[in-house]
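Read the structure below first, then the notes.
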Amino acid sequence: MFDLMGKRNIFFVLSILIFLTGIVATFINGVKMDIQFQGGTIMQIQMPSGEFDTERAAAIVEESIGKRASVQKSTTYNPDDPSKEITLMVLNIGSAQTLNDTEQTTVINALRKEYNIPNDTQVMVNSVAPFIGDEIKTNAMYAIILSAIMITLYVWYRFRVMHGLSAGVFAVLALVHDCFVMYTVYVLFKIPINDSFVAAVLTIIGYSINDTVVIYDRIRENTRLMRKAPIHELVNTSVMQTLARSINTSVCTLISVIVLYIFAAYFNIQSLKDFSFPLVVGIISGCYSTLFIASPLYMVWQERNIRKKAAARKPVKA
């Protein structure tokens with residue numbers, strides 16, 4: 001049988017490199033927060049023409065009110081004529097204060113002049129106060145932390161026969177690994193973190209722990225069947241027995257999510273794109289961390305405990 005656990009140092013080094021990449025990218029690129037967390041104003045304007053330059057539109061906003069904007073193109077179906085599409089310009093203007101009426105009017109007039117937008121065109125404006133963004137961000141962190149604590153307690157109780165507390169801690173460390181991989185991709189490519197990212201993180205936490213529990217369950221079963229086997233052989237056998245199942249499950253799920261992302265990208269459904277993209281990253285990382293992080297860490301910890309107990313049993317020479 002292939003000694004997968006014998007290659008654990010390679011997997012640990014790879015994960016450390018990912019962590020270092022995320023830390024360096026944070027210092028270089030910073031962390032971009034979307035309107036929901038940062039606070040600011042979202043404006044949606046129906047465009048008479050389907051084509052416009054998003055960079056030029058962002059420059060117009062900055063020139064008119066001195067604030068930076070992230071501009072996206074979105075399409076939706078015309079309720080009056082479903083065979084036709086409506087093109088929307090979506091402006092995310094993040095700032096310490098939401099835009100006042102004068103600033104909103106200034107931006108709209110500048111864009112109308114540039115793109116010949118009719119005066120009767122409807123403009124939708126939504127504002128998020130900074131303190132609301134801070135509250136959402138805090139509650140999101142509480143949700144993630146609470147999930148981690150509950151998972152640790154559940155795994156501790158469920159697998160108490162195989163030192164459940166250490167199993168639960170390393171399962172959560174694997175989940176932290178997944179969350180940080182998703183975070184690294186976002187800061188590396190300068191993607192704003194929003195509520196969809198948090199929803200995807202919570203989804204991956206539930207998905208990834210499922211794979212880890214399956215491997216832990218096999219380790220528990222093999223603990224009774226392989227009583228005299230060393231912990232290295234026990235964990236390696238258990239992982240190899242569930243390897244095909246974990247990979248096949250992840251690949252099938254990944255295919256579905258990729259199709260969802262392609263669908264959202266083709267029809268320019270931004271909310272689905274924001275949710276499905278981090279899921280793609282999280283599913284890949286979740287499969288990896290379950291096999292190559294949680295299980296090896298549990299094995300290393302148990303080997304350490306066994307060596308400590310063996311050393312304690314040795315008679316002290318006079």
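The values are calculated or read from the model by the stated rules, or taken from the named source; none is laboratory data. Fair warning: this is a prediction, and the values are worked out from it, not measured in the lab. Every residue, glycine as well, gets a Cβ built from its backbone with ideal geometry; the counts of neighbours run over all protein chains shown.
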Some residue of segment 26-40 being β-branched (Val, Ile, Thr), in contact with a helix residue (DSSP H, G or I) (Cβ under 7 Å, 6 or more places away or on another chain) and farther than 24 Å from Asp120 by Cβ: yes
Residue in segment 177-187 that is surrounded by 16 or more Cβ atoms within 10 Å (Cβ to Cβ) and more than 12 Å from the chain's Cα centre (by Cα) present: no
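For the condition under 30 Å from Glu303 (Cα atoms), of a type outside the set (A, V, I, L, M) and touching a residue at least 60 places away in the same chain (Cβ under 8 Å), what is the one hit in Ser147, Ser166? Walk me through it before giving the result.
Values: Ser147 fails: touching a residue at least 60 places away in the same chain (Cβ under 8 Å).
The match here is Ser166.
Could you list all residues from segment 126-152 that are over 17 Å from the mean Cα position of the chain (by Cα) and either farther than 30 Å from Thr212 by Cβ or surrounded by 13 or more Cβ atoms within 10 Å (Cβ to Cβ) (or both)?
Asn126, Ser127, Val128, Ala129, Pro130, Phe131, Ile132, Gly133, Asp134, Glu135, Ile151, Thr152
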Among the candidates Ser246, Ser256, Ser250, Ser238, residue that is over 18 Å from Tyr186 (Cβ atoms), touching an Asp or Glu at 6+ places or on another chain (Cβ under 7 Å) and either hydroxyl-bearing (Ser, Thr, Tyr) or at pLDDT below 90 (or both): Ser246
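How many residues does segment 206-231 hold that are small (Gly, Ala, Ser) and buried (at least 20 other Cβ atoms within 10 Å of the Cβ)? So that I can check it myself, show each step before the final result.
Step one: of segment 206-231, the residues small (Gly, Ala, Ser) are 206, 208, 229.
Retained after the next criterion (residues that are buried (at least 20 other Cβ atoms within 10 Å of the Cβ)): 208.
Residues meeting the conditions: 1.
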Ile247 touching a residue at least 24 places away in the same chain (Cβ under 8 Å) and either of a type in the set (Phe, Trp, Tyr) or within 18 Å of Phe170 (Cβ to Cβ) (or both): no
Test: residue in segment 162-180 that is in contact with a Lys or Arg (Cβ under 6 Å, 6 or more places away or on another chain), more than 21 Å from Met33 (Cα to Cα) and either in the same structural domain as Ser289 (by TED's automatic domain parsing) or at pLDDT below 90 (or both): yes
Residue satisfying all of: in segment 45-83; among the polar types (S, T, N, Q) and under 21 Å from Phe197 (Cβ atoms); modelled with the lowest pLDDT among these: Ser74
